[in-house]
Amino acid sequence: MISLISPSEVKNPTSIAIGSFDGVHAGHRQLIDSVVKENKYTPTIASFWPHPREILYGETRLRLDLPEEKLPILEDLGIEQLVLIPFDKNLSRLSADNFIKEILINQLQAKSISVGANFRFGYKRSGDINTIKLITRDMDIKLKIISILKDNEGRISSSRVRDLLQKSDLKNALRILNRPYSFKGKVVKGKGIGKRLGFPTANLEIDGRKFLPGEGVYAAWSTINNSPNKIASVMNLGSQPTIDPLLPSAVEVHLINKDIDLYDLNLSVEPVEKLRSQIKFQNIDQLSNQITIDRENALKILNEHSK
C-alpha cells in the first residue's frame, strides 16, 4: 500500500521521478510509466511540500490534488511510495550538484531517474538534465528523459488544467487528467436556508489549499464517506447574491431526491457540468423556482453521463 513518507523512511533502492505531479495528468503519467517499468527497484514519486514558490516568494499555491488525494491515483498506476521532501530556505540554497548527491543518491538511493525534458532544480533552478547526466555518467544509475507531452492546444500542464477548471470546462479538464476532477469536505452547520426552501443543502468545509473550479451552479455527483455509490446532486459554488451578497464564498451541495443527515460526514463532489452562473433573484420564490429547474437539468445531464 502506498503511503506518505519522509525521505528517512524510504524503501531503497528506488526508481524515481521528482516533481509536484499536481493533477497527475496525462503528461505526468508518461513519467510514472517510465518509473514503474524499472521493476527491480521500488517505484517512487518524490515531491516537495510545501511548494517551493510558497517558501521562496510567499505565493499561495492551490493544489489540484492534496498529497493524500494523490495516494489512490498513484497506487493504481503502480507507484509504491510517495515521498514528501520538506522544502525550506535551507533546501532552497542547496546547489544542483548537491541536490543530486545528497537527496537523490544518498537519501533516496536512486538507481533509475526519470525526468521531463524541461526539468530544473537546485539553487535558483540552476540544474537541468545535463547536470544529472554529468554527475551520474560514471555511476550505475539509469537516466530517462521524457519528452513534453503536447496536443493540438499545446503543452499538457497543471496550469492548463487549472485554467480549464476556472473556466468551468470540465470536459476538457477530464480529458487532460484522464479522470474526473473532484474535491471533498466535511459537512458543517449552515443557516438552514436551503431546507426552508425545500432544498436542503450540505455546507462543505474545504481544505484552503485545494483548487476549486469557477463559481457557479453545477450538476455533480456526490459520494458519502468514500462510498462507491454516486448520488446525483446540484452544487452551488460561490456567494449567495439573493440570500446575502455579503456572505463569503462557499460550497453547498443538494442531493437530489435524497433525505440524508450529512452533518459531520465527509462528502466528495465531482462536478460534471456547469448549469449556470450565479444570479441575484428579486425574491426567494424566484430563487426556489430556479433551483427546481436546476435539479431537473442536473438530472438530465447526469443521466446522460451515466449511460
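Sub-7 Å Cβ pairs linking a first residue in the range 242-266 that is within 23 Å of L299 (Cα to Cα) and acidic (D, E) to a second residue that is modelled with pLDDT under 90 and outside any loop (DSSP other than H, G, I, E, B), at least 6 apart or interchain, are E252/G194, ordered by first then second residue.
From the list S15, S47, the lone residue that is surrounded by 20 or more Cβ atoms within 10 Å (Cβ to Cβ), in contact with a Phe, Trp or Tyr (Cβ under 8 Å, 6 or more places away or on another chain), under 27 Å from D140 (Cα atoms) and of a type in the set (G, A, S) is S15. S288 - would you say it is of a type in the set (S, T, Y), within 25 Å of R179 (Cα to Cα) and either at pLDDT below 95 or not in a loop (DSSP other than H, G, I, E, B) (or both)? When the stated conditions are applied, S288 does not pass them. Mind checking whether some residue in the range 52-74 is touching a residue at least 60 places away in the same chain (Cβ under 8 Å), over 27 Å from E270 (Cβ atoms) and crowded, with 19+ Cβ neighbours inside 10 Å? Looking for residues that are touching a residue at least 60 places away in the same chain (Cβ under 8 Å), over 27 Å from E270 (Cβ atoms) and crowded, with 19+ Cβ neighbours inside 10 Å, one finds none in the range 52-74, hence no. Scoring S92 on the criteria (1) surrounded by 19 or more Cβ atoms within 10 Å (Cβ to Cβ); (2) of a type in the set (G, A, S); (3) over 23 Å from K37 (Cβ atoms) leaves a single failure, condition (1). All told, L134 falls short of being in contact (Cβ under 8 Å) with a residue 24 or more places away in the chain and not assigned by TED's automatic domain parsing to the domain that holds S268.
Can you find even one residue in the range 126-141 that is buried (at least 17 other Cβ atoms within 10 Å of the Cβ) and charged (D, E, K, R)? The answer is no; no qualifying residue exists. Cβ separations smaller than 7 Å between residues 6+ apart or across chains give the following pairs from the range 204-229 residues that are free of Cβ contacts under 8 Å to residues at least 24 places away in the same chain and within 17 Å of L66 (Cα to Cα) to residues that are basic (K, R) and surrounded by 16 or more Cβ atoms within 10 Å (Cβ to Cβ): E205/K186. Of all the criteria given as (1) more than 17 Å from the chain's Cα centre (by Cα); (2) among the small types (G, A, S); (3) modelled with pLDDT of 90 or more, the one not satisfied by G27 is (1).
Only residues that are of a type outside the set (K, R) and in a helix (DSSP H, G or I) were counted across the range 145-198, and they come to 15. Here the helices (runs of 4 or more DSSP H) wholly within the range 37-122 that include at least 2 residues being more than 17 Å from the chain's Cα centre (by Cα) are 52-57, 89-92.
The values are calculated or read from the model by the stated rules, or taken from the named source; none is laboratory data. Keep in mind that what you see is a predicted model, and the values were worked out from it rather than measured. All Cβ positions, even for glycine, are placed from backbone atoms using ideal geometry, and neighbour counts span all protein chains on display.
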